[in-house]
1. For S47, which sequence-distant residues (separation of 5 or more, or a different chain) have an amide H within less than 5 Å of its own amide H, given hydrogens modelled in the peptide plane?
2. May I ask you to evaluate 6.51 cos²θ - 1.76 cosθ + 1.60, the Karplus curve with θ = phi - 60°, for each residue of segment 148-163 and list the ³J(HN,Hα) values in order in whole Hz, giving x for glycine and proline?
3. Viscosity 0.890 mPa s, temperature 25 °C: give me the Stokes-Einstein translational D for the chain in µm²/s, with Rh taken as the Kirkwood radius over C-alpha pairs.
4. Using θ = phi - 60° and the Karplus curve 6.51 cos²θ - 1.76 cosθ + 1.60, what whole-Hz ³J(HN,Hα) does each residue of segment 164-176 get, with Gly and Pro shown as x?
5. Between S259 and residues 5 or more places away or on another chain, which pairs have amide H atoms under 5 Å apart, with H built 1.01 Å from N, and which residues are they?
6. For segment 166-257, with the dipole built from +1 on Lys and Arg beta-carbon atoms and -1 on Asp and Glu ones, taken about the Cα centre, which of G174, C229, L257 lies farthest toward the positive end?
7. Post the alpha-carbon centroid distance, segment 280-317 to segment 158-191, in whole angstrom.
8. Any chance you could run the full-extension gain for V199 through E284? It's 0.36 nm times the residue separation minus the Cα-Cα distance, nm to one decimal.
Amino acid sequence: MKTAISAPNSAWIKYWGNRNNGLRLPVADSFSMTLDSPTVEIDIDHSETLTVKSINSDGSERILKESEVGRFQITLDLAKKYLETLDVPEAIPASVALEIRSHIPAAVGLASSAAVFSCFARAIQGLIEETINLTDEQTSVIARLGSGSAARSASGGFIALRAGEGDEIGSSYGEQMADENHWVLHDFILVPSMEEKKVGSTKGHASAQSSPHFSQRVEDIMERRQKECIDAVLGKDFEKLQRVAEEDCDDMHRVMLTSNPPLDYLTDVTHRIVRDIKAFRDSEHLEVFYTMDAGPTVQLLCTEESKEKVAEFANNQEDCTIFTAKTGPGARLI
Ligand code: DP6
């Protein structure tokens, strides 16, 4: 048996839209920082058939829906196909037994699928390490098959997801640009509502290309934004990072809003927080930026120097549940 642990990531160049939905091959590059919490742990072992047991942080069992177990089955089947391309078709001869212990509230915009599937991929890497020594990039491919953004939590620190080209399973993977010791940034996660979101990202990705702004977005990312974001992180240039991350976040939400059907994930509370943090940043000269994924949750990313003031701002948002995290080490075996 092997055990892996992982956490979500904070996306600064957003992944939205696939060239192949079944294989989660993205149209464009994306970029994120891996977080240190909240975490998920998975025990894995060989088994004749797939079993998935999920335990909440209070020790109670969470009964998984058929579709949730099905997603593990599909991911495992695709991972086996990928292992065939690496010449180890028998690395997982039958199936696996999983026990998942999650400390992440489901579907509140905290990217629980990114943590779960990066953890699953790392657990597989550990399970088969005597047959094949998968690299972090190969492990990220397996994570991507379960959830696109999970490919970016397979390693720690700052990760660029390379879109790649074509329909090969291994053609898109996460690449570490700098590890978690390069730059410690803090993430205040403001969750306005504990309600499950209406349209999951898997469905959202499938309609992204119906937006008239989609192709311009892809061009901007591939020609400029991804590189600007990487340069800003490597050069620890917070102002540059703030500019490109907020530009990309706003742009993704514009694509969502103009898709068919339109997807409006942000609420009045989200808009209020964004407006207020901009004003607070200007008046206090803070290094902080906002970002939102497929839900009303706002993440406020800031430097060590600005942390105390941003914490004060976050704690004043009385209608939100607050989580805190910082740059983390990514999926690993424990
Ligand atoms: C808006 O990785 O959640 O958070 O592959 O269907 O699981 P699936 O999609 P997912 O998409 C993430 C979308 C996003 C932006 C991002 O994390 O880059």
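1. Result for S47 returns A94, S95, V96, A97.
2. x, 6, 5, 4, 8, 9, 5, 10, x, x, 10, 10, 9, 8, 7, 5
3. Details: Rh = 19.9 Å.
Translational D for this selection: 123 µm²/s.
4. Each residue of segment 164-176 in turn: x, 9, x, 10, 5, 4, x, 7, 9, 7, x, 10, 6 Hz.
5. For S259, no residues qualify.
6. L257
7. Using only Cα atoms to place each centre, the spacing works out to 22 Å.
8. On the way: separation 85, 0.36 × 85 = 30.60 nm, distance 3.68 nm.
Full extension of this stretch gives 26.9 nm more.
Every read-out reported here was derived from the displayed coordinates using simple, explicitly stated rules and does not represent laboratory data. Please read all numbers here as calculations on a predicted model, not as lab measurements. Neighbour counts run over all protein chains shown; Cβ positions are idealised from the backbone, glycine included.
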